[in-house]
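Everything on this sheet refers to the single structure shown next.
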Amino acid sequence: MRAAMANPDAYRDLMVRISGYNAYFVELNKELQLELIRRADYGM
């Protein structure tokens, strides 16, 4: 996801699941992208 934030054109098809729906990661606002990264890091 960090790579998608740095180079969104290369990751246009990256989808994430948020509260019961799917969304393209690069279309989300920056705050939500960072929250998803924090959640993924926490789960590791």
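The values are calculated or read from the model by the stated rules, or taken from the named source; none is laboratory data. As the structure is a computational prediction, the values presented were derived from the model and not from experiment. Heads up, the Cβs are rebuilt from the backbone with ideal geometry, glycines too, and the neighbour counts pull from every protein chain shown. Side chains are part of the model used for accessible areas, which takes the heavy atoms of the whole protein and leaves out ligands, DNA and RNA. Shrake-Rupley method; radii C 1.70, N 1.55, O 1.52, S 1.80 Å.
Annotations for the structure displayed:
- Near residue 1, once Lys and Arg are set to +1 and Asp and Glu to -1 for all other residues with Cβ below 11 Å from its Cβ, the sum equals +1.
- Given [x] 70, 15, 7; [y] 42, 18, 12; [z] 26, 21, 17, the label whose value is Cα extents along the principal axes in Å derived from this model: [z]
- Counting protein heavy atoms only, the chain has 51 percent of its accessible area on carbon and sulfur, 1.4 angstrom probe.
- Residue-count net charge about residue 18 - beta-carbon cut-off 12 Å; Lys, Arg +1, Asp, Glu -1: 0
- Label point distance in nm, residue 41-residue 18, each placed 7 Å from Cα along Cα→Cβ: 1.9 nm
- Summed over the residues of the chain and divided among them, the accessible surface reaches 79 Å² per residue at a probe radius of 1.4 Å.
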